[in-house]
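Take a look at the structure set out below.
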Amino acid sequence: MLYLAWTLRLSVAFVLLAAAVGKVRAGRFARTEFVRAVRRLGAPVRLAGLAAHTVLVAEFAIAVLVCLPGTALLGCLAATTLFGTFSAGVARLVWMGTDVRCRCFGAASDLTGRHVVRNLGLLAVAAGAALVTVLAPHGGIPALALAALTASALPVAAAFVRWDDLAILVAGLPGPASIEKGR
């Protein structure tokens, strides 16, 4: 159970780090689009800007919290809350038919039901990580085991980070880059 807890927590940490770094690398325009999406959910202008910055800081902070044994459960609960909030917000925007672009990981694509599914999957991983963290015995793990768990968490995180690309491969839909180029 301890190794499963670490694998799930590392998966959550890698996804959150990818999201935070992607937003930072995408720059101000991506944050402006995020603020616009929060505004479309009904938040006042001042709170929408604060929310965008808070999410960025929270993604970095939670990524660290889930990796530290003393704060792992708190980090998992925070990640569960964050992914639950994302799921509800994205579902509402999709349901309203709002034209909003997802810049969750820096790159842009229109918000669709597949983003809701991705966020619900992340919610499940974070909630599972919290549950297994409570049930797992506490204690350290050998460095070699941590390296193996990191190697097993990376593909899980990569699947969530590249969710749009995987959906395009599976469904055979044109990708965001080909749509923007008019192909």
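Miscellaneous remarks
- On the stretch given as the range 91-121, residues that are under 24 Å from residue 27 (Cβ atoms) and either touching a residue at least 40 places away in the same chain (Cβ under 8 Å) or in contact with a strand residue (DSSP E or B) (Cβ under 8 Å, 6 or more places away or on another chain) (or both) total 17.
- Boolean, residue 85 is at pLDDT 85 or above, assigned to a helix (DSSP H, G or I) and out of contact with any helix residue (DSSP H, G or I) (no Cβ under 8 Å at 6 or more places or on another chain): yes
- Top-ranked residue in the range 126-145 [being of a type outside the set (Gly, Ala, Ser) and touching a helix residue (DSSP H, G or I) at 6+ places or on another chain (Cβ under 6 Å); ranked as nearest to residue 166 (Cα to Cα)]: 132
- The set of residues from the range 98-123 being modelled with pLDDT of 75 or more and of a type in the set (Gly, Ala, Ser) comprises 113, 121.
This table checks each residue for (1) within 18 Å of the chain's Cα centre (by Cα); (2) part of a helix (DSSP H, G or I); (3) surrounded by fewer than 17 Cβ atoms within 10 Å (Cβ to Cβ).
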{"position": "117", "(1), (2), (3)": "yes, yes, yes"}
{"position": "125", "(1), (2), (3)": "yes, yes, no"}
{"position": "128", "(1), (2), (3)": "yes, yes, no"}
{"position": "138", "(1), (2), (3)": "no, no, yes"}
{"position": "144", "(1), (2), (3)": "no, yes, yes"}
{"position": "147", "(1), (2), (3)": "no, yes, yes"}
{"position": "152", "(1), (2), (3)": "yes, yes, yes"}
{"position": "157", "(1), (2), (3)": "yes, yes, no"}
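- The range 72-115, residues that are buried (at least 22 other Cβ atoms within 10 Å of the Cβ) and hydroxyl-bearing (Ser, Thr, Tyr): 80, 109
- Test: residue in the range 98-106 that is closer than 25 Å to residue 33 by Cβ, within 13 Å of the chain's Cα centre (by Cα) and in a helix (DSSP H, G or I): no
The values are calculated or read from the model by the stated rules, or taken from the named source; none is laboratory data. Quick caveat: nothing in here was measured; it's all calculated off a predicted structure. Note that each Cβ is placed from the backbone with ideal geometry, even for glycine, and that neighbours are counted across all protein chains shown.
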